[in-house]
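**Student:** Quick one: this structure, given as structure tokens, is what I'll be asking you about.
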There are 2 protein chains.
Amino acid sequence: MSSVSTPAYANGGQSLADRLFESLRGEIVEGNIAAGSKISEPELAKRFQTSRGSLREALMRLESLGLLERRVNVGARVVELDGRGLLELYEVREALEGMACRLAAENMNQAEIDGLRAVMEEHEQQSELQAGTAYFQPEGDFDFHFRIVQGSGNQLLIDTLCNRLYYRVRMYRYQLGMASPRAKRAFREHMHIIDAIEARDGELAEILMRRHIRASRNNIQAKIG
Amino acid sequence: MSSVSTPAYANGGQSLADRLFESLRGEIVEGNIAAGSKISEPELAKRFQTSRGSLREALMRLESLGLLERRVNVGARVVELDGRGLLELYEVREALEGMACRLAAENMNQAEIDGLRAVMEEHEQQSELQAGTAYFQPEGDFDFHFRIVQGSGNQLLIDTLCNRLYYRVRMYRYQLGMASPRAKRAFREHMHIIDAIEARDGELAEILMRRHIRASRNNIQAKIG
DNA sequence: AAGAAAAACATTGTCGACAATGTCGCCCGG
DNA sequence: CCGGGCGACATTGTCGACAATGTTTTTCTT
């Protein structure tokens, strides 16, 4: 179907720099490219069989994501992961997701709320399969928070959390292994949050979400901070 | 002093793309480049006497700032300013600045608090010079909020607000002329916030800041939304 | 004449080369 | 032996040209 002259970057409506960006983002989040390590443009360009120009575009977008730090005429480094940064991240999450939860209680339709409950049922089954004290599935937890943010209807809020902060959260989880041992408690907190949303009680929903995130933060602080 | 071979981009420790970025950011914020208008890379490159490569770097950073929207193989457009976006912006500000205010109450030192009061005295004098119902100085208002955010000590929060959201706020103010007629009320609200910070009452400081921003939002919604 | 196909144009994405800066190692003087 | 200056190397910033896509205009057919 495709002619022999099909260019390498004519894929799926996204540019080559887009795909480089996504690949590198994944490698950084999962720690495949070590935190704090220096980025060599020529080396990466060779690894991905591309030119430096497109690679640099990807690097700049990673910088604006907060995953890289670039200094003029020096180069780019993957950000360091320190406890302070993680705690700061949770403070911002508390503020933003609290607001998102309030808005979700006002704006979510019934289908979206049902979807939330379905996610929780899935959690419950998986939790029963695993040991009672098993770590809380980061995947499912993310799904829960993700859906609430989407339900806020505030595009700026959605973009800030889902396209910016969450990658950093995942990076910390992967590399510092922040598996929360608060499985059962977190599950109950999630359920209460859904109840508040379904009751259209935005004020309560916000309070519960903030306490939920703050509890995680305190948990982290006790361990690492 | 400078030799004839001094390169154009060897200024002040920042790259040419950095300066292009700042220049364009200013022109977009102030409406010199109209909202919603299409960006022509060759045209701008000619205007700034630079190559397209450096210009594209600046454009990408503007995109990550939320001031431009780019589509692959089509080009970049300045974002449109609609009431919905402005209201969303204020919802995010309410959440983030509320948190910033809480943290500021916990972390600001006395010198910073004194600086806040000095800003307010300046406001008062300028307000007296102008008519009693005069619009609230965007400059001074920004200074007040700016300082509180700085005082939070949370680097992620500072970056998100000062290096990301505030440019959009300024863009709206310039172009939609959002001069708040709440001068005296806002001034009193600011003073109460400072009092709460000085009393190290983070909870109250957050509540007051949120109400302050929400009042502005309601004011805007009544007018435009 | 109206609509569609096609070609010409303009714009964007990508690439390799050059210029300038930072970095590392070596040599020299103290 | 140690510290500072100097030079070679590597890396980054910048530029102009080419390839591919989107857009507009022209032209041909019905």
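The values are calculated or read from the model by the stated rules, or taken from the named source; none is laboratory data. Given the structure is predicted, the values throughout are model-derived calculations rather than measurements. Here the Cβ positions follow ideal geometry from the backbone for every residue, glycine too, while neighbour counts run over all protein chains shown. To get the accessible areas, we keep the full protein, side chains included, count just its heavy atoms, and leave off ligands, DNA and RNA. Shrake-Rupley method; radii C 1.70, N 1.55, O 1.52, S 1.80 Å.
**Student:** Is it true that B:E91 is open to solvent by 60 Å² or more (accessible area, probe 1.4 Å) and within 14 Å of chain A (Cβ to nearest Cβ)?
**Tutor:** So B:E91 fails the test.
**Student:** Okay, next question. Which pairs turn up if I take residues in the stretch A:51-80 that are under 22 Å from B:L157 (Cβ atoms) and look for partners that are near DNA strand D (Cβ under 7 Å from one of its atoms) with beta carbon separation below 6 Å, at least 6 apart in sequence or on another chain?
**Tutor:** What qualifies is A:E63/A:R70; A:L68/A:A76; A:R70/A:A76.
**Student:** Would you check which residues across the stretch A:47-71 are within 12 Å of DNA strand D (Cβ to nearest atom), over 17 Å from B:R56 (Cβ atoms) and within 11 Å of chain B (Cβ to nearest Cβ) and list them?
**Tutor:** Of everything in the stretch A:47-71, just one residue is within 12 Å of DNA strand D (Cβ to nearest atom), over 17 Å from B:R56 (Cβ atoms) and within 11 Å of chain B (Cβ to nearest Cβ), namely A:R71.
**Student:** Is at least one residue of the stretch A:119-128 buried (at least 16 other Cβ atoms within 10 Å of the Cβ), in a helix (DSSP H, G or I) and of a type outside the set (A, V, I, L, M)?
**Tutor:** Among the residues of the stretch A:119-128, at least one is buried (at least 16 other Cβ atoms within 10 Å of the Cβ), in a helix (DSSP H, G or I) and of a type outside the set (A, V, I, L, M), which makes the answer yes.
**Student:** Right, here's the next one. For the structure I just gave you, tell me whether A:I39 is more than 14 Å from every other protein chain (Cβ to nearest Cβ) and within 18 Å of B:A17 (Cβ to Cβ).
**Tutor:** yes
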